[in-house]
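The next block holds one structure in the form of structure tokens; read it before the comments.
The values are calculated or read from the model by the stated rules, or taken from the named source; none is laboratory data. Just so we're clear, the structure is a prediction, and the values are computed from it rather than from any experiment. Cβ coordinates were reconstructed from backbone atoms using ideal geometry, including for glycine residues, and neighbour counts include every protein chain displayed. Remember, those area values only see protein heavy atoms, side chains included, never the ligands or the DNA or RNA. Shrake-Rupley method; radii C 1.70, N 1.55, O 1.52, S 1.80 Å.
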Amino acid sequence: MIRVGIGYDSHRFVAGRALVLGGVTVPHPYGLAGHSDADAVAHALTDAILGAAAAGDIGRLFPDTDPRWKDADSMELLGSAHEVVRRKGLAFRQADLTIIAEQPKLAPHLAAMAAQLAGRLGVGVGDISVKAKTNEGMGFIGRGEGLAVLAVATLEAS
Ligand code: MG
């Protein structure tokens, strides 16, 4: 049986931090605010994987009140969440993600993000899709206040 999970994350842009998405540092004048490294791609995918296993969410596993996760590498958190679902007898199969950001242009970095995520989850690059689009100037994303990420992941009994 295939299990499907959905994930969503958004973070506010701030000056003075690196912009890290899917484990890739993207050149940009702004990074994302957050307790961890604020990698919204890793966070959305983590929630999709945990959701597919009905295993809670990233905030429950790695609360931002816990100093252990301050400036945490979110790719490590993704790996830990993957381990949680593996222990439940589930194998990660594939994921599809959409990053919604007005700036910067992310197309040149999407393949590197997919490779990072695939490597972390032990699947092929063909099993991870990372797409990007703008919000056509509308809302908080359109005003450049932050970005958002949608993710869907499938798991299968291993
Ligand atoms: Mg987040």
Review point. So who's got an amide H within less than 5 Å of the one on residue 12, skipping anything under 5 residues away but keeping other chains? H placed 1.01 Å off N, in plane.
Key: 33
Practice item. Counting only DSSP beta bridges with both residues in segment 2-157, tell me the antiparallel percent, nearest 5. Key: 80
**Study point:** Cβ-defined net charge surrounding residue 11, 13 Å radius [Lys, Arg +1; Asp, Glu -1]
**Key:** -3
Practice item. First compute the accessible area of the chain with a 1.4 Å probe, then give the percent of it belonging to carbon and sulfur atoms. Key: 54
Study note, to complete from the structure: Under the helix-only model (-39500 (n - 2.57) for each DSSP H run of 4 or more, divided by the residues of the chain), the mean residue ellipticity at 222 nm, to 500 deg cm²/dmol, is -8500 deg cm²/dmol
Study note, to complete from the structure: Note to self: C-alpha centroids of segment 29-54 and segment 68-84 sit apart, in Å, by 9
Point to revise | Shape box of the chain [Cα atoms, principal axes, largest first, Å] | key: 43, 35, 25
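What whole-number value in Å² describes the accessible area per residue of the chain for a 1.4 Å probe?
47
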Exercise for review: List, in order, the whole-Hz ³J(HN,Hα) value for each residue of segment 35-48 obtained from phi through the Karplus relation with A = 6.51, B = -1.76, C = 1.60 and θ = phi - 60°; use x for Gly and Pro.
Suggested key: 6, 8, 6, 6, 6, 5, 5, 4, 5, 5, 5, 4, 5, 5
Review point. Can you list the aspartates and glutamates whose alpha carbon is less than 16 Å from that of residue 133, not counting same-chain residues fewer than 8 positions off?
Key: 9, 96, 102, 145
